[in-house]
Amino acid sequence: MTAKERKAAGGGDEEDDVDTDESPSPEPELDTATMSTAQRILAALPADGLTEVDLLAALNADGGREVRRGSLRTTISGLRGKGEIARPDSTGLIVPLPAD
């Protein structure tokens, strides 16, 4: 029994039988505070894309700086120019292009 399991079972956290064989820590979440808007857009987009409204809601819910509609549109335009997001089509979805 590990110290973590013992503590969860109510046995306290005794230091003499500490087992360092704990499971690996989960993958860290993205630190949106240090990411650019473009990086946040690419991280938030699923392979099948999102509408502009849904993408804006996802970006404003990810814990980073607030993104306004004009900034979102300007950044999307830049990403399309770089070939990282597909050109607009009749679906109205913002779709990332697969990485080479």
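Quick look at the numbers
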item: Condition broken by Gly63, with the remaining ones in (1) part of a helix (DSSP H, G or I); (2) surrounded by fewer than 19 Cβ atoms within 10 Å (Cβ to Cβ); (3) not acidic (Asp, Glu) satisfied; result: (1)
item: Which numbered condition Ile94 fails, given (1) of a type outside the set (D, E, K, R); (2) within 22 Å of Ala33 (Cα to Cα); (3) surrounded by 11 or more Cβ atoms within 10 Å (Cβ to Cβ); result: (2)
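All of the numbers you see were taken from the coordinates with simple rules; none came from a lab. Remember, predicted model here, so these are calculated numbers, not experimental data. Here the Cβ is made from the backbone with ideal geometry for all residues, glycine too, and neighbour counts use every protein chain on show.
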